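Asks: Following this message is one structure expressed as structure tokens.
Computed from the coordinates by the stated procedures, all read-outs in this text should not be read as laboratory data. Remember, predicted model here, so these are calculated numbers, not experimental data. Methodologically, a virtual Cβ is constructed for each residue, glycine included, from the backbone with ideal geometry; neighbour enumeration extends over all protein chains shown.
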Amino acid sequence: MSFRWSRRRFIQSMGMTVPAVALPVLWSSPLLAAGAPAPRLLVFFSPNGTIYPHWGPTGTGTTYTIAAGSILEPLLPFKAKLNILQGVSYLSEETPAPATNSDPVNPGNRHMKGSGHLLTGVPLLPGTQSGGGGATSGYAGGISVDQYIAQKIGGQTKFPSIEAGVGMKDGGVRQHLAYAGSNQPLPTESDPFKVFQQIFGNATASQAGPAPAQQQALAQRLAESKSILDYAAQDLATLMARLPGDEKVRLDRHLQSIREIETQLVPTALTGSGCSMPTLGPTIDPLATANFPAAGKLQMDIFIAAFACGLTRIGTLQWGGSTSEQQFTWLGINTGHHTMSHVGDSDLGNMAQLVKINNWYAQQFAYLLGKLDAIQEGTGTLLDNSVVAWTNELSKGNTHSSHNIPWVLAGSAGGYFRTGRLIQYTPEQPHNNLLVSFMNAMGLTNETTFGERAVCTGPLTGLI
């Protein structure tokens with residue numbers, strides 16, 4: 001004969017009760033979140049540089065103009081909610097100045113560095129990953145800003161962050177933006193059906209929020225879901241005290257992974273203004289060339305719902321890795337994007353196709369902004385309470401330039417950023433400063449530096 005006991009019953013059999021400390025967890029839980037809207041951060045990445053003569057707006061400040069037929073034309077409806085930045089560069093790639101593509105002090109080529117530096121602002125580690133042109137490197141040598149923020153505030157939501165991709169077919173440093181720490185890239189999931197299952201697999205909808213009876217049921221479920229680690233806290237503390245430093249780190253990471261798995265198993269009640277579970281439709285092959293647009297739309301819909309339902313506040317959406325050879329067959333383009341990005345400017349036909357590709361990415365960005373802006377939240381919209389940052393690992397593909405990176409920021413993070421402007425920086429500014437501004441906008445107002453301290457001088461001026 002066998003018995004199946006719940007954690008609660010096992011604990012009660014030991015003469016204990018479920019601690020009342022579980023109750024405060026209920027009131028800080030995303031299941032019952034209330035009050036002023038919290039800011040969100042989503043990084044929207046597209047690869048291989050842009051075509052600046054057809055990208056950059058004209059004018060300055062609030063009087064800037066987005067030209068008809070330009071790459072950014074799809075963003076015209078959101079002009080008042082944008083900050084378009086010029087003169088922000090990956091100066092962290094130049095510290096120290098690289099001698100060669102395989103320099104062990106500052107390794108990697110521009111595509112590798114652009115991806116690795118984008119959210120970490122630190123040099124890549126030496127390694128054996130090949131990036132073309134004789135370049136080799138490892139992964140980034142520090143935590144990324146999204147994960148730094150997630151470590152500080154991620155406990156306020158069920159998922160500290162979400163890392164999703166579109167058409168990510170290869171591994172390596174060029175395929176990762178998010179890092180938990182030095183040499184710790186986080187996986188990017190390109191299958192929206194897997195992302196959906198992870199985020200919404202055990203969710204139940206409740207648009208108006210939980211009633212008192214539901215609150216009691218949720219409290220019970222949260223108590224039942226109390227981490228088994230909490231009941232072993234004293235034993236674990238004793239064990240930690242006896243372990244050497246490196247073993248303590250390994251055990252701590254193992255325990256953190258257990259907590260993350262347990263968190264994802266807690267039943268989720270979907271609440272909040274505009275909160276609804278996305279509809280995915282029939283299963284598709286997310287890596288098929290022709291499904292690139294559909295897979296991307298599904299990933300965006302998942303992010304919109306996760307933000308609206310308070311399941312996370314932080315995410316990265318990566319449309320192909322740097323050097324992506326995505327073919328845009330639905331645009332009549334059958335050559336790989338990376339290959340096209342290397343062609344000289346004198347090939348006007350190729351340049352026109354690159355403009356079409358980047359304009360298509362702008363259309364996807366506009367779709368995302370439109371959906372966020374349609375959800376009322378507090379006195380504004382979900383877009384108003386977010387900052388959605390569209391960027392690239394390069395400024396120009398055929399020169400592999402890391403200067404004047406295209407950055408479009410949408411939303412004000414709940415009024416933190418002043419929007420509706422083209423902001424031009426002369427002299428150029430390190431993108432590390434922008435990463436500091438992201439931290440400040442997300443509530444970490446005391447942070448003044450991030451990444452490579454030799455180039456970071458504080459938050460980016462002119463944004464607030």
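Asks: For a protection proxy built on the mean count of beta-carbon atoms within 10 angstrom, sort 369-376, 279-286, 116-123, 428-435 highest first, please. Walk me through the numbers on the way to the answer.
Replies: Details: 369-376: 19.0, 279-286: 12.2, 116-123: 28.5, 428-435: 23.9.
Ranking, from highest mean packing down: 116-123, 428-435, 369-376, 279-286.
Asks: I would also like to ask the following. Assuming 1.002 mPa s and 20 °C, estimate D for the range 391-445 with Stokes-Einstein, Rh taken as the Kirkwood radius over Cα pairs, in µm²/s.
Replies: Numbers: Rh = 12.8 Å.
Here the translational diffusion coefficient equals 167 µm²/s.
Asks: For a Förster distance of 30 Å, can you work out the FRET efficiency between the beta-carbons of Thr426 and Ser273, rounded to the nearest 0.05?
Replies: Working: r = 41 Å, r/R0 = 1.38.
Plugging the Cβ-Cβ distance into 1/(1 + (r/R0)^6) gives 0.10.
Asks: So, one more: Taking a virtual spin label 7 Å from the Cα of Ala36 along the C-beta vector, which residues in the range 384-411 bring their backbone nitrogen under 20 Å of it?
Replies: So the set is 384-388, 411.
Asks: Let me ask something additional. Suppose we take every Cα in the range 36-91 and form the convex hull; what volume per residue is that in Å³?
Replies: Working: hull volume 8.3 nm³, N = 56.
Expressed per residue, the convex hull around the Cα atoms of the range 36-91 is 149 Å³.
Asks: Calculate, in whole percent, how much of the Cα-Cα pair population of the range 132-171 lies beyond 15 Å.
Replies: Values: 480 of 780 pairs.
Value for the range 132-171 (Cα pairs over 15 Å): 62 percent.
Asks: Next question, about the same structure. Which pairs break 19 Å Cα to Cα here: Lys113/Lys396; Lys113/Lys194; Lys169/Lys371? Intermediate values should be presented prior to the final figure.
Replies: Numbers: Lys113/Lys396 14 Å; Lys113/Lys194 29 Å; Lys169/Lys371 28 Å.
Too far apart for the 19 Å limit: Lys113/Lys194; Lys169/Lys371.
Asks: I would also like to ask the following. List the extent of the Cα atoms of the range 293-389 along each of their three principal axes, largest first, rounded to whole Å.
Replies: 50, 20, 20
Asks: Below 30 Å, Cα to Cα, which lysines can Lys248 reach? Residues fewer than 8 away in the same chain don't count.
Replies: Lys152, Lys158, Lys226
Asks: Starting from the Cα-Cα distance between Arg453 and Lys297, subtract it from 0.36 nm times their residue separation and give me the gain in nm to one decimal. Working shown, then result.
Replies: Numbers: separation 156, 0.36 × 156 = 56.16 nm, distance 3.74 nm.
Here the answer is 52.4 nm.
Asks: Let me ask something additional. Run down the aspartates and glutamates and flag those whose C-alpha is under 18 Å from the C-alpha of Lys356, throwing out any fewer than 8 positions away in its chain.
Replies: Once the sequence-local aspartates and glutamates are set aside, what remains near Lys356 is Glu73, Glu325, Asp345, Asp347.
Asks: Moving on to the next point. Enumerate the aspartates and glutamates that Lys297 could reach by cross-link, defined here as Cα to Cα under 17 Å, with residues fewer than 8 away along the same chain left out.
Replies: Within the straight-line cut-off, Lys297 pairs with Glu163, Glu189, Asp191, Asp285, Asp373.
Asks: Can you give the Rg to Rh ratio of the range 308-464, both from alpha-carbon atoms, with Rh computed by the Kirkwood formula? All intermediate terms of the calculation are to be shown ahead of the outcome.
Replies: On the way: Rg = 17.7 Å, Rh = 17.7 Å.
Reported Rg/Rh, Kirkwood definition of Rh: 1.00.
Asks: Can you list the HN-Hα couplings for the range 423-430, worked out from phi with the Karplus curve (6.51, -1.76, 1.60; θ = phi - 60°), rounded to whole Hz and with x for Gly and Pro?
Replies: 10, 10, 9, 9, x, 4, 10, x
Asks: If you don't mind, there's one more thing I want to ask. Write down the Å³ per residue value for the convex hull defined by the alpha carbon atoms of the range 345-414. Display every interim value, and only then the final one.
Replies: On the way: hull volume 5.5 nm³, N = 70.
Convex hull of Cα atoms, per residue: 79 Å³.
Asks: Moving on. Per residue, how big is the convex hull around the C-alpha atoms of the range 279-338? Give it to me in cubic angstrom, could you?
Replies: On the way: hull volume 5.4 nm³, N = 60.
Per residue, the Cα convex hull of the range 279-338 comes to 90 Å³.
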